[in-house]
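Below is one structure, written out as structure tokens, with a few remarks after it.
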Amino acid sequence: MSTATTEETTQSHGADHPPFLAHHFDTPEQQNTAAKLGMWVFLGTEVLMFGGLFCAYSIFRHNHPAVFAFAAESYLNVKLGALNTIILITSSLTMAWGVRAAQLEQRKTLIICLILTLMGAAGFMVVKTIEYNAKWDEHVFVGFVNKYNGYNVDPYAQLPPAQPGPPTSELPIPPSPPFKQSAGDANAGSDVSKIQPRFNGPTGLAVPGAASEAAGIGNNDAQIEARYRSLSDQDQWRVSTFFSIYFLMTGLHGLHVLVGMGLISWLLYRSARGDFNSQWYTPVDLIGLYWHLVDLIWIFLFPLLYLIH
Amino acid sequence: MSTPATQTSHADHGHGGVHPAGHVTSVRLLLTVYFTLVIFTIITYSVSRLDLGQFNIIAALAIAVIKASLVVLYFMHLRWDSPFNALALITAITFVALFIGLALLDSVSYQPLLKQTPAALGP
């Protein structure tokens with residue numbers, strides 16, 4: 001097909017070929033179907049990406065169930081997790097309702113639905129922030145800000161003196177991070193019991209354990225410590241791995257929620273401008289699909305992370 | 001142009017003359033799915049309070065799969081969509097299942113060996 005005929009076709013079809021319909025499509029419906037297939041392929045890659053994290057989760061949980069039970073029951077707040085589940089499901093409903101409103105050209109309903117969805121997303125992030133904040137206060141954040149990290153030899157060393165010596169005598173001593181170790185450090189690699197915890201989390205922010213009590217988990221430090229000491233030596237080493245997995249999974253999911261908030265805000269702007277009609281609502285439809293996927297991932301994350309025995 | 005639009009929207013009458021380029025889900029169905037999801041969330045929370053041993057994780061995953069199916073079929077319109085869209089999703093899920101299944105199989109097979117020699121473990 002030459003350029004001349006393309007131009008001619010465009011011009012001659014000007015009346016019944018609306019501006020939103022690309023001319024390689026016959027009907028708006030065909031265009032919408034094609035766009036949705038593309039979105040579903042993208043969602044498939046999203047499932048694969050999260051699949052890697054679910055794989056890490058499965059292997060660690062299957063091999064070390066006691067670690068997961070200890071960490072989840074001691075530090076994750078089931079009530080906040082359940083609240084977030086309800087919030088996300090509700091925002092999924094308002095999003096689906098929004099798509100319906102866009103299809104039926106109910107602009108006011110669409111805008112209300114998008115605002116409610118955005119509020120749900122923001123509410124989810126607020127609850128998530130409360131949870132992450134509690135982890136920070138309890139020194140179970142990521143890396144060195146986690147008191148169970150291998151470098152912090154005995155996480156309870158600063159509490160009322162428990163058994164002297166580390167619980168990890170049979171295991172190789174972890175190499176100290178180079179930036180904190182002086183050249184002639186007598187402790188290096190010889191006597192584990194003399195190694196001070198590298199980092200016990202932020203000081204002066206909160207009393208350790210206060211957060212979990214305030215958040216209503218009902219565990220106190222003594223209970224957690226007793227349970228921690230009842231783990232096998234090797235399992236004690238693995239507790240921080242749970243938090244790595246927890247923060248990676250919920251963090252990547254939270255990132256998706258933030259991206260979703262940006263996309264929904266953009267939808268809100270465009271629908272307020274009146275860009276969508278019953279023949280062209282593809283952006284609402286596709287972002288709706290994305291938003292439902294975010295909900296879908298959480299539907300699995302909630303029981304897998306919070307409801308562990 | 002109007003024929004396919006009319007066909008796809010016949011499930012939900014009374015659109016006030018609008019013929020959307022795709023299937024429209026009724027409010028009633030959306031609300032039914034929503035409340036079912038809420039009820040399943042309550043059920044999964046309650047079941048997790050009971051100690052069922054191995055069945056806790058099975059029950060939790062079964063409920064999660066049911067909830068996910070409801071979201072995919074109704075909120076995500078897959079029930080009325082082209083089967084190609086379902087194919088994209090099913091392919092992804094199949095490969096995730098293969099990935100996790102084979103990785104677990106591998107890991108499980110050498111766990112007994114590792115437990116015999118704890119010194120080889122490391123952190």
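The values are calculated or read from the model by the stated rules, or taken from the named source; none is laboratory data. Please read these numbers as outputs of a predicted model, since none were measured by experiment. Cβ sites come from the backbone with ideal geometry, for glycine too, and all protein chains shown count toward neighbours. We work out accessible area using only protein heavy atoms, side chains counted, and drop any ligands, DNA or RNA first. Shrake-Rupley method; radii C 1.70, N 1.55, O 1.52, S 1.80 Å.
Of the residues that make up segment A:18-29, is at least one open to solvent by less than 60 Å² (accessible area, probe 1.4 Å), at pLDDT below 95 and in a helix (DSSP H, G or I)? Spell out how you get there, then give the answer.
Here is the first cut: in segment A:18-29, the residues open to solvent by less than 60 Å² (accessible area, probe 1.4 Å) are A:18, A:20-22, A:25, A:27-29.
If we keep only those that are at pLDDT below 95 as well, we get A:18, A:20-22, A:25, A:27-29.
This time we only want the ones that are in a helix (DSSP H, G or I), so: A:28-29.
So far as segment A:18-29 goes, yes, one or more of its residues are open to solvent by less than 60 Å² (accessible area, probe 1.4 Å), at pLDDT below 95 and in a helix (DSSP H, G or I).
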Those residues of segment A:51-70 which are part of a helix (DSSP H, G or I), surrounded by 16 or more Cβ atoms within 10 Å (Cβ to Cβ) and more than 8 Å from chain B (Cβ to nearest Cβ) amount to A:LEU53, A:ALA56, A:TYR57, A:PHE60, A:ARG61, A:VAL67, A:PHE68, A:ALA69, A:PHE70
Check B:ILE58, B:ILE66 and return the single one that is more than 8 Å from every other protein chain (Cβ to nearest Cβ), under 18 Å from the mean Cα position of the chain (by Cα), open to solvent by 30 Å² or more (accessible area, probe 1.4 Å) and modelled with pLDDT under 95.
-> B:ILE58
Residue set A:VAL294, A:VAL284, A:VAL257, A:VAL192; condition out of contact with any Phe, Trp or Tyr (no Cβ under 8 Å at 6 or more places or on another chain) and modelled with pLDDT of 95 or more; output residue A:VAL294
So which pairs qualify, if the first residue must be in segment B:79-101 and at pLDDT 95 or above, the second must be open to solvent by less than 30 Å² (accessible area, probe 1.4 Å) and among the polar types (S, T, N, Q), the Cβ gap must be under 7 Å, and the two must be at least 6 apart or on different chains?
-> B:ILE100/A:SER58
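Yes or no: A:ILE115 β-branched (Val, Ile, Thr), closer than 24 Å to B:THR36 by Cα and free of Cβ contacts under 8 Å to residues at least 12 places away in the same chain?
Working: β-branched (Val, Ile, Thr): yes; closer than 24 Å to B:THR36 by Cα: yes; free of Cβ contacts under 8 Å to residues at least 12 places away in the same chain: no.
It is false that A:ILE115 is β-branched (Val, Ile, Thr), closer than 24 Å to B:THR36 by Cα and free of Cβ contacts under 8 Å to residues at least 12 places away in the same chain.
Tell me which residues, restricted to segment A:249-298, are assigned to a strand (DSSP E or B) and more than 11 Å from chain B (Cβ to nearest Cβ). Step through it out loud before you land on a result.
Let us first name the residues in segment A:249-298 that are assigned to a strand (DSSP E or B), namely A:277, A:280.
Across segment A:249-298, there are no qualifying residues.
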Top-ranked residue of segment A:99-145 - restricted to ones that are at positive phi and more than 13 Å from chain B (Cβ to nearest Cβ), ranked as most open to solvent (accessible area, probe 1.4 Å) = A:GLY143
Residues being open to solvent by 10 Å² or more (accessible area, probe 1.4 Å) and either in contact with a His (Cβ under 7 Å, 6 or more places away or on another chain) or more than 7 Å from chain B (Cβ to nearest Cβ) (or both) - total across segment A:83-97 = 4
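Could you tell me whether B:PHE40 is of a type in the set (Phe, Trp, Tyr), on the phi < 0 side of the Ramachandran plot, within 10 Å of chain A (Cβ to nearest Cβ) and surrounded by fewer than 16 Cβ atoms within 10 Å (Cβ to Cβ)?
Working: of a type in the set (Phe, Trp, Tyr): yes; on the phi < 0 side of the Ramachandran plot: yes; within 10 Å of chain A (Cβ to nearest Cβ): yes; surrounded by fewer than 16 Cβ atoms within 10 Å (Cβ to Cβ): no.
It is false that B:PHE40 is of a type in the set (Phe, Trp, Tyr), on the phi < 0 side of the Ramachandran plot, within 10 Å of chain A (Cβ to nearest Cβ) and surrounded by fewer than 16 Cβ atoms within 10 Å (Cβ to Cβ).
Of all residues in segment B:20-32, which are assigned to a helix (DSSP H, G or I) and within 8 Å of another protein chain (Cβ to nearest Cβ)? Give the steps one after another, and end with the answer.
Quick first cut of segment B:20-32, residues assigned to a helix (DSSP H, G or I) only: B:27-32.
Correct list: B:VAL27, B:LEU30, B:LEU31.
One line per residue, one yes/no per condition, for (1) touching a Leu at 6+ places or on another chain (Cβ under 7 Å); (2) more than 8 Å from chain A (Cβ to nearest Cβ); (3) surrounded by fewer than 15 Cβ atoms within 10 Å (Cβ to Cβ):
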position	(1), (2), (3)
B:LEU70	yes, yes, no
B:MET76	yes, no, no
B:LEU87	no, yes, yes
B:PHE99	no, no, no
B:GLN111	no, no, yes
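Is it fair to say A:VAL78 is of a type in the set (Val, Ile, Thr) and surrounded by 17 or more Cβ atoms within 10 Å (Cβ to Cβ)?
Working: of a type in the set (Val, Ile, Thr): yes; surrounded by 17 or more Cβ atoms within 10 Å (Cβ to Cβ): yes.
Judged against the criteria, A:VAL78 is a match.
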Under 6 Å between Cβ atoms, at least 6 apart or on separate chains: pull out the pairs that start in segment A:21-49 with a residue that is within 7 Å of chain B (Cβ to nearest Cβ) and end on any residue that is part of a loop (DSSP other than H, G, I, E, B).
-> A:THR27/B:MET1; A:PRO28/A:LEU21; A:PRO28/A:GLN279; A:PRO28/B:ALA21; A:GLU29/B:ALA21; A:ASN32/B:ALA21; A:ASN32/B:GLY22; A:THR33/B:SER82
From the list A:THR109, A:THR94, which residue is touching a residue at least 24 places away in the same chain (Cβ under 8 Å) and of a type outside the set (Lys, Arg)?
-> A:THR94
